[in-house]
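A.B. asks: This is the structure I want to talk about, given as C-alpha coordinates.
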Amino acid sequence: MDKMKKEILFSRKAIDLRVRELAAGISRDYQGRELIVIGVLKGAFIFMADLIRSMTIPCRVDFARLASYGAGSVSNGKVILTKDIETSIRGKDILIVEDIVDTGVTLSYFVEWLQERNPRSLRVCAFLDKRGRRKVTFEADYVGFAIEDGFVVGYGLDFDEKARFLPDVYIMKD
Ligand code: PRP
(Lines give C-alpha, C1' and ligand atoms only; values in the text may rest on other atoms or scores of the structure.)
Protein backbone atom coordinates (compact mmCIF):
# COMPACT_ATOMS: atom_id res chain seq x y z
CA MET A 1 0.00 0.00 0.00
CA ASP A 2 2.65 2.50 1.04
CA LYS A 3 4.59 1.71 -2.11
CA MET A 4 1.55 2.07 -4.36
CA LYS A 5 1.13 5.37 -6.13
CA LYS A 6 -1.75 7.47 -4.99
CA GLU A 7 -2.71 11.11 -5.01
CA ILE A 8 -5.09 13.17 -2.95
CA LEU A 9 -8.57 13.42 -4.43
CA PHE A 10 -10.24 15.18 -1.47
CA SER A 11 -8.17 16.79 1.27
CA ARG A 12 -9.24 16.59 4.91
CA LYS A 13 -10.08 20.29 4.69
CA ALA A 14 -12.36 19.81 1.68
CA ILE A 15 -13.94 16.80 3.37
CA ASP A 16 -14.53 18.76 6.57
CA LEU A 17 -16.26 21.58 4.66
CA ARG A 18 -18.48 19.22 2.71
CA VAL A 19 -19.40 17.15 5.78
CA ARG A 20 -20.45 20.35 7.58
CA GLU A 21 -22.66 21.30 4.62
CA LEU A 22 -24.28 17.88 4.58
CA ALA A 23 -24.79 17.97 8.35
CA ALA A 24 -26.41 21.41 8.14
CA GLY A 25 -28.85 20.19 5.48
CA ILE A 26 -29.71 17.04 7.40
CA SER A 27 -30.16 19.04 10.62
CA ARG A 28 -32.60 21.38 8.83
CA ASP A 29 -34.52 18.51 7.24
CA TYR A 30 -34.93 16.55 10.49
CA GLN A 31 -35.46 19.44 12.91
CA GLY A 32 -37.84 18.35 15.66
CA ARG A 33 -37.85 14.70 14.54
CA GLU A 34 -36.40 11.62 16.22
CA LEU A 35 -33.66 10.51 13.89
CA ILE A 36 -31.92 7.14 13.90
CA VAL A 37 -28.68 7.07 11.90
CA ILE A 38 -27.64 3.65 10.64
CA GLY A 39 -24.04 3.22 9.52
CA VAL A 40 -23.03 0.47 7.11
CA LEU A 41 -19.81 -1.14 8.35
CA LYS A 42 -17.04 -0.96 7.92
CA GLY A 43 -16.46 1.88 5.49
CA ALA A 44 -18.94 4.39 6.91
CA PHE A 45 -17.61 4.60 10.45
CA ILE A 46 -15.39 7.66 10.05
CA PHE A 47 -17.81 9.63 7.86
CA MET A 48 -20.69 8.84 10.19
CA ALA A 49 -18.72 9.92 13.26
CA ASP A 50 -17.88 13.27 11.65
CA LEU A 51 -21.36 13.76 10.21
CA ILE A 52 -23.33 13.26 13.41
CA ARG A 53 -20.92 15.43 15.41
CA SER A 54 -21.48 18.25 12.91
CA MET A 55 -25.25 17.92 13.11
CA THR A 56 -27.14 20.32 15.35
CA ILE A 57 -29.93 17.86 16.14
CA PRO A 58 -29.78 14.77 18.38
CA CYS A 59 -29.82 11.29 16.92
CA ARG A 60 -29.51 7.65 17.91
CA VAL A 61 -27.08 5.38 16.13
CA ASP A 62 -26.97 1.78 15.01
CA PHE A 63 -24.89 -0.25 12.59
CA ALA A 64 -25.33 -2.99 10.00
CA ARG A 65 -22.84 -4.93 7.97
CA LEU A 66 -23.46 -6.25 4.48
CA ALA A 67 -21.38 -8.42 2.21
CA SER A 68 -21.71 -8.75 -1.53
CA TYR A 69 -20.32 -11.53 -3.63
CA GLY A 70 -18.93 -11.58 -7.12
CA ALA A 71 -15.72 -11.68 -9.10
CA GLY A 72 -13.02 -9.47 -7.59
CA SER A 73 -14.31 -6.09 -6.55
CA VAL A 74 -17.41 -6.28 -8.73
CA SER A 75 -20.64 -7.26 -7.07
CA ASN A 76 -22.86 -9.80 -8.86
CA GLY A 77 -25.97 -8.71 -7.08
CA LYS A 78 -25.94 -11.21 -4.23
CA VAL A 79 -25.92 -9.39 -0.92
CA ILE A 80 -26.23 -10.82 2.56
CA LEU A 81 -26.65 -9.07 5.86
CA THR A 82 -23.87 -10.27 8.16
CA LYS A 83 -24.81 -7.99 11.05
CA ASP A 84 -28.34 -6.68 11.51
CA ILE A 85 -29.33 -3.51 13.34
CA GLU A 86 -30.39 -3.86 16.96
CA THR A 87 -32.99 -1.08 17.08
CA SER A 88 -36.69 -1.16 16.28
CA ILE A 89 -37.21 1.26 13.39
CA ARG A 90 -40.98 0.98 12.96
CA GLY A 91 -42.46 4.47 12.71
CA LYS A 92 -39.02 6.13 13.01
CA ASP A 93 -37.10 8.48 10.74
CA ILE A 94 -34.08 6.59 9.43
CA LEU A 95 -30.94 7.85 7.73
CA ILE A 96 -28.58 5.23 6.31
CA VAL A 97 -24.97 6.42 6.13
CA GLU A 98 -22.58 4.82 3.62
CA ASP A 99 -19.05 5.59 2.49
CA ILE A 100 -19.65 4.89 -1.19
CA VAL A 101 -22.35 3.90 -3.68
CA ASP A 102 -20.90 1.99 -6.60
CA THR A 103 -23.12 -0.48 -8.46
CA GLY A 104 -25.94 0.40 -6.06
CA VAL A 105 -26.56 -3.27 -5.30
CA THR A 106 -25.68 -3.11 -1.58
CA LEU A 107 -27.84 -0.11 -0.77
CA SER A 108 -30.79 -1.23 -2.90
CA TYR A 109 -30.83 -4.46 -0.93
CA PHE A 110 -30.45 -2.74 2.44
CA VAL A 111 -33.12 -0.12 1.75
CA GLU A 112 -35.57 -2.84 0.78
CA TRP A 113 -34.64 -4.81 3.90
CA LEU A 114 -35.31 -1.82 6.15
CA GLN A 115 -38.50 -0.76 4.31
CA GLU A 116 -40.05 -4.08 5.28
CA ARG A 117 -39.83 -2.93 8.90
CA ASN A 118 -42.04 0.08 8.17
CA PRO A 119 -39.98 3.09 9.19
CA ARG A 120 -41.72 6.47 9.05
CA SER A 121 -39.14 7.65 6.53
CA LEU A 122 -35.94 6.27 5.07
CA ARG A 123 -33.18 8.24 3.37
CA VAL A 124 -29.58 7.57 2.39
CA CYS A 125 -26.51 9.74 2.85
CA ALA A 126 -23.44 8.59 0.91
CA PHE A 127 -20.05 10.23 1.21
CA LEU A 128 -19.02 9.25 -2.34
CA ASP A 129 -21.17 8.43 -5.35
CA LYS A 130 -19.79 6.64 -8.42
CA ARG A 131 -22.85 7.31 -10.55
CA GLY A 132 -21.42 5.89 -13.75
CA ARG A 133 -21.05 2.42 -12.24
CA ARG A 134 -24.67 1.63 -11.38
CA LYS A 135 -26.01 -1.82 -12.16
CA VAL A 136 -29.32 -1.10 -10.49
CA THR A 137 -31.20 2.16 -10.27
CA PHE A 138 -30.31 3.85 -7.02
CA GLU A 139 -30.23 7.49 -5.97
CA ALA A 140 -28.87 8.64 -2.60
CA ASP A 141 -30.70 11.55 -0.95
CA TYR A 142 -27.54 13.25 0.30
CA VAL A 143 -24.18 12.91 -1.47
CA GLY A 144 -20.81 14.25 -0.35
CA PHE A 145 -18.97 14.05 -3.65
CA ALA A 146 -19.85 12.52 -7.02
CA ILE A 147 -16.79 10.84 -8.53
CA GLU A 148 -15.70 9.14 -11.72
CA ASP A 149 -14.61 5.53 -11.79
CA GLY A 150 -11.33 4.82 -10.00
CA PHE A 151 -10.08 3.15 -6.85
CA VAL A 152 -10.36 5.45 -3.85
CA VAL A 153 -9.02 4.89 -0.33
CA GLY A 154 -8.89 6.68 2.98
CA TYR A 155 -11.51 8.27 5.24
CA GLY A 156 -12.93 4.82 5.95
CA LEU A 157 -12.44 3.35 2.47
CA ASP A 158 -9.99 0.47 2.25
CA PHE A 159 -7.67 -1.31 -0.09
CA ASP A 160 -7.50 -4.89 1.13
CA GLU A 161 -8.40 -3.62 4.64
CA LYS A 162 -5.57 -1.10 4.56
CA ALA A 163 -5.76 2.71 4.38
CA ARG A 164 -9.10 3.23 6.13
CA PHE A 165 -7.36 5.39 8.74
CA LEU A 166 -6.04 8.00 6.30
CA PRO A 167 -7.68 11.39 6.98
CA ASP A 168 -7.72 12.40 3.29
CA VAL A 169 -9.25 10.56 0.32
CA TYR A 170 -6.78 9.31 -2.26
CA ILE A 171 -7.17 7.91 -5.74
CA MET A 172 -4.89 5.01 -6.56
CA LYS A 173 -2.70 5.38 -9.62
CA ASP A 174 -2.07 2.27 -11.75
C1 PRP B 1 -18.44 -1.10 -0.07
C2 PRP B 1 -19.23 0.12 0.38
C3 PRP B 1 -20.64 -0.27 0.11
C4 PRP B 1 -20.52 -1.15 -1.12
C5 PRP B 1 -20.86 -0.34 -2.32
O6 PRP B 1 -18.42 -2.02 0.97
O7 PRP B 1 -19.01 0.40 1.73
O8 PRP B 1 -21.21 -0.98 1.18
O9 PRP B 1 -19.17 -1.61 -1.19
O10 PRP B 1 -20.81 -1.15 -3.47
P11 PRP B 1 -22.07 -1.41 -4.40
O12 PRP B 1 -22.78 -0.11 -4.61
O13 PRP B 1 -21.41 -1.92 -5.67
O14 PRP B 1 -22.93 -2.45 -3.77
P15 PRP B 1 -17.38 -3.21 1.10
O16 PRP B 1 -18.05 -4.48 0.69
O17 PRP B 1 -16.10 -2.86 0.39
O18 PRP B 1 -17.15 -3.31 2.67
P19 PRP B 1 -16.47 -2.29 3.70
O20 PRP B 1 -17.46 -1.15 3.92
O21 PRP B 1 -16.28 -3.12 4.92
O22 PRP B 1 -15.18 -1.78 3.11
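A.B. asks: Ignoring ligands, DNA and RNA, what percent of the 1.4 Å accessible area of segment 47-174 is carbon and sulfur?
C.D. replies: It is 49 percent, rounded to a whole number.
A.B. asks: Given contacts defined as C-alpha pairs under 8 Å and at least six residues apart, what's the relative contact order of segment 85-126, whole-number percent?
C.D. replies: Here the relative contact order equals 63 percent.
A.B. asks: Give the relative contact order (percent, whole number) for the chain; include only Cα pairs under 8 Å separated by 6+ residues. Each step should come with its number before you reach the end.
C.D. replies: Values: 347 pairs, mean separation 44.2, N = 174.
With pairs under 8 Å counted, the relative contact order is 25 percent.
A.B. asks: So which lysines can Lys135 reach, going by Cα to Cα under 17 Å and dropping same-chain residues fewer than 8 places off?
C.D. replies: Within the straight-line cut-off, Lys135 pairs with Lys78.
A.B. asks: Using only the alpha-carbon atoms, how far is helix 12-29 inclined from the longest principal axis of the chain? Give it as 0 to 90 degrees, nearest 10.
C.D. replies: Once rounded, one gets 20 degrees.
A.B. asks: How much accessible area per residue does the chain have, counting only protein heavy atoms and a probe of 1.4 Å, in square angstrom?
C.D. replies: 53 Å²
A.B. asks: Sticking with this structure for a sec: Amide H of Asp93 versus every other amide H placed in the peptide plane: which residues, excluding those fewer than 5 positions away on the same chain, fall under 5 Å?
C.D. replies: Those lying under 5 Å, H to H, from Asp93 are Glu34, Ile36, Arg120, Ser121.
A.B. asks: Going by average Cβ density within 10 Å per residue, which order do the peptides 163-169, 123-129 take, highest to lowest?
C.D. replies: Order by mean packing, descending: 123-129, 163-169.
A.B. asks: Same structure, new question: Counting helices only, and only those DSSP H runs with n ≥ 4, report the 222 nm mean residue ellipticity of the chain as the sum of -39,500 (n - 2.57) divided by its residues, in deg cm²/dmol to the nearest 500.
C.D. replies: Per the formula, -7000 deg cm²/dmol.
A.B. asks: Sort the following peptides by mean Cβ neighbour count (other Cβ atoms within 10 Å, averaged over residues), highest first: 49-59, 90-100.
C.D. replies: 90-100, 49-59
A.B. asks: Quick one: work out the % antiparallel among DSSP beta bridges in the chain, nearest 5.
C.D. replies: Taking every DSSP beta bridge with both residues in the chain, the antiparallel ones total about 35 percent.
A.B. asks: To test your reading of the geometry: what angle, between 0 and 90 degrees and rounded to tens, separates the Cα axis of helix 105-115 from the longest principal axis of the chain?
C.D. replies: 10 degrees
A.B. asks: Near the amide H of Val61, under 5 Å away, which other amide H atoms are found, from residues 5 or more places off or on another chain, if H is placed in the peptide plane?
C.D. replies: Amide H neighbours of Val61, under 5 Å, 5+ apart: Val37.
A.B. asks: Another question, if that's okay. State the extension gain, in nm to one decimal, for the chain segment bounded by Glu7 and Glu148, taking 0.36 nm per residue of separation less the distance between their alpha-carbons.
C.D. replies: Using 0.36 nm per residue and subtracting the Cα-Cα distance, I get 49.3 nm.
A.B. asks: For Arg117 paired with Glu34, estimate the spin-label separation in nm (one decimal), with each label point 7 Å from Cα along the Cα-to-Cβ line.
C.D. replies: Between Arg117 and Glu34, the simple spin-label model gives 1.5 nm.
A.B. asks: Another question, then. What fraction, in whole percent, of alpha-carbon pairs in the chain exceed 31 Å separation?
C.D. replies: Every Cα pair in the chain considered, those over 31 Å come to 12 percent.
The values are calculated or read from the model by the stated rules, or taken from the named source; none is laboratory data. Remember, it's a predicted structure, so these values are computed and weren't measured experimentally. In this analysis, Cβ positions are derived from the backbone assuming ideal geometry, glycine residues included, and neighbour counts consider all displayed protein chains. In case anyone asks, the SASA skips ligands and DNA or RNA and just uses the protein heavy atoms, side chains included. Shrake-Rupley method; radii C 1.70, N 1.55, O 1.52, S 1.80 Å.
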